[in-house]
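Here is the structure we will look at.
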Amino acid sequence: MDSAPPSLATQIARQRVGRVLRDKWRLDSVLGTGGFGAVYAATHRNGKRVAIKIIHPELNAIADARSRFLREAYAVNAVSHPGMVSILDDDVDEDGCVFLVMELLDGETLEARRLRGGGSLDFDDVLSMADPILDVLAAAHEKGVVHRDLKPENVFLLRTGQIKLLDFGVAKLREAPRGKALTVNGIVIGTPAFMPPEQARGQWQLVDERSDLYSVGATLFTLLTGQLVHGNVTPQESLVAAVTTPAPSLDTISPGAPRALVALLARALAFERQDRFQTAREMQAAVREVYHELTGGLASTAPHEAARAPSVEDEPTTQRGGDDEPTAVLSRMPQITLSPPSRGERLASIFDSADFGDRSELSAEIAKATAELNASAAAAKAKDSAGPEPDEATIPNVKDDPAKAPEPNEALAAAQEARASRTWIWVALVVAVLVGLLGGFALVRGKQRRGEALGAERCYAAAWLGSSPWGSSPSSWS
């Protein structure tokens with residue numbers, strides 16, 4: 001079976017291959033593309049191999065997009081942990097595009113590992129990788145860095161067995177560079193299938209360390225079952241489900257799963273933040289306890305199978321900047337399109353949470369917006385099955401007895417009949433006004449004619465009296 005054609009972003013990125021940046025970095029191959037830029041394997045003029053991430057040209061022209069792109073460097077450099085990808089340098093190429101120089105990784109993402117394993121992984125393998133993931137998160141959270149886009153594509157397993165977290169481009173820092181916040185309430189960023197409810201609602205004041213722990217639980221769920229938490233549905237459907245529906249239990253998808261593992265994921269994926277693990281260290285301790293209960297070993301020392309991803313020299317897809325498609329984004333504001341849409345039914349991703357123009361004109365009543373989203377989500381299935389709704393003006397009041405509600409066709413016919421009646425009433429009123437005007441005109445005209453006739457009679461009488469023997473005026477009669 002032929003593989004899917006490369007995305008448009010990947011095709012554009014490949015046109016840069018062979019260029020030399022700043023007279024020292026030669027771009028050797030494309031490793032991957034994402035919502036903000038493309039990642040390349042590159043070689044310094046002294047022979048050092050690195051990865052270079054270059055922002056997309058259409059985003060480079062937007063100051064807030066550049067700030068978001070560079071924020072990854074701030075986030076990574078704020079955390080000192082071997083599980084973070086080192087950012088070695090940042091610069092601007094000859095076209096004015098910002099780029100980051102990073103360490104080059106040799107291995108595979110957990111998503112690639114899952115697919116290579118037939119769609120799912122054994123629980124002992126998953127738990128042994130969860131431990132170092134939580135260790136990196138604990139270090140990041142202690143520095144005030146929240147990842148906000150954890151998923152299998154953003155966790156990298158080196159050939160040595162070490163775990164690295166990728167793509168901190170949408171990370172939240174306790175203090176943003178230069179004091180400017182790039183996240184606006186009401187804008188939803190991240191990947192819907194791995195979002196906690198508060199993030200799916202765009203309530204950024206509620207997104208914290210516990211939100212990352214939900215995403216870790218969703219990642220483990222997918223690695224164990226081969227399915228997304230709310231099913232393999234579109235990103236839009238995943239977003240609605242994340243807002244309205246608690247995550248299902250692991251044993252509903254994998255009957256016979258160990259109870260301790262089911263309980264672990266149930267707490268990580270709790271709908272309310274206060275019901276989840278409160279810190280990464282707490283969840284890490286729980287993972288170790290479950291791993292020891294099920295295997296008798298220690299998760300922190302469990303060996304990982306060496307990743308079978310080909311080396312950079314063999315295949316230029318060793319390190320990826322996340323999945324080939326952009327991180328999914330949904331805004332309640334009108335969408336701004338700066339580039340052609342990606343293939344499939346993915347949500348458009350360009351800005352993540354940057355504050356752009358009309359996107360800042362958001363309702364301050366977050367609770368109201370959430371309620372409206374919940375209401376629309378609850379009615380989604382009814383709309384699909386009931387077909388098109390009748391005109392709102394034709395729906396009768398059936399609060400007391402919903403069974404008496406007429407069929408849409410009957411309601412439509414009644415509305416048409418009512419509109420016809422109103423039309424005839426207006427016609428009758430217009431005719432009556434016209435008749436009244438004509439009658440008034442005739443009455444006035446008649447009076448004028450009678451006045452003219454009376455004047456003529458008086459003139460005749462005066463003429464007759466002037467020629468009579470009694471004189472020319474009534475005064476001569478005396």
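Read-outs throughout are calculated quantities, based only on the coordinates presented, and are distinct from any laboratory measurement. Here the structure is a predicted model, which is why all the values come from computation and not from measurement. All Cβ positions, even for glycine, are placed from backbone atoms using ideal geometry, and neighbour counts span all protein chains on display.
How many nm separate the modelled label positions at residue 106 and residue 45, each set 7 Å beyond the Cα in the direction of the Cβ?
2.6
May I ask which of 53/151; 48/164; 24/151; 53/164 have a Cα-Cα span longer than 25 Å here?
From 53/151; 48/164; 24/151; 53/164, over 25 Å: 24/151.
Could you order the peptides 26-34, 110-118 from most to least packed, using the average number of other C-beta atoms within 10 Å per residue?
26-34, 110-118
Can you tell me which of 433-444, 204-215 comes out highest on packing, and rank the rest after it, using the mean Cβ neighbours within 10 Å? Intermediate values should be presented prior to the final figure.
Numbers: 433-444: 10.0, 204-215: 21.9.
Those peptides, ordered most packed to least, come out 204-215, 433-444.
Tell me, what ³J(HN,Hα) does each residue in the stretch 219-232 have, in order and in whole Hz, if you take phi through Karplus 6.51 cos²θ - 1.76 cosθ + 1.60 with θ = phi - 60° and put x for Gly and Pro?
With coefficients 6.51, -1.76 and 1.60, one gets 5, 5, 4, 5, 5, 7, 9, x, 10, 6, 4, 9, x, 7 Hz.
Report the label-to-label distance for residue 8 and residue 285 in nanometres (one decimal), using points 7 Å from each Cα along the Cα→Cβ vector.
About 5.1 nm separates the two model spin labels.
For residue 89, list long-range residues whose amide hydrogen, built 1.01 Å from N in the peptide plane, is under 5 Å from its own amide hydrogen.
Long-range HN contacts for residue 89: 101.
How large is ³J(HN,Hα), in whole Hz, for each residue of the stretch 258-265 in order, when computed from phi with the Karplus curve 6.51 cos²θ - 1.76 cosθ + 1.60 and θ = phi - 60°, using x for Gly and Pro?
So the Karplus estimates, Gly and Pro as x, are x, 4, 4, 6, 4, 5, 4, 6 Hz.
Loop-only check: which chymotrypsin sites (Phe, Trp or Tyr not before Pro) in the stretch 1-78 are DSSP coil with at most 10 other Cβ within 10 angstrom?
Answer by residue number: there is no such site.
If r is the Cβ-Cβ distance from residue 20 to residue 295 and R0 is 60 Å, what FRET efficiency results, to the nearest 0.05?
Efficiency, from the Cβ-Cβ distance: 0.75.
What's the long-distance tail for the stretch 8-102, i.e. % of Cα pairs beyond 20 Å?
Here the tail beyond 20 Å accounts for 33 percent of pairs.
Using the basic label-point model (7 angstrom from Cα toward the beta carbon), what is the residue 159 to residue 88 distance in nanometres?
Output for this residue pair reads 1.8 nm.
Please give me the summed charge of the neighbours of residue 87: other residues whose Cβ is under 12 Å from its Cβ, Lys and Arg +1, Asp and Glu -1.
-3
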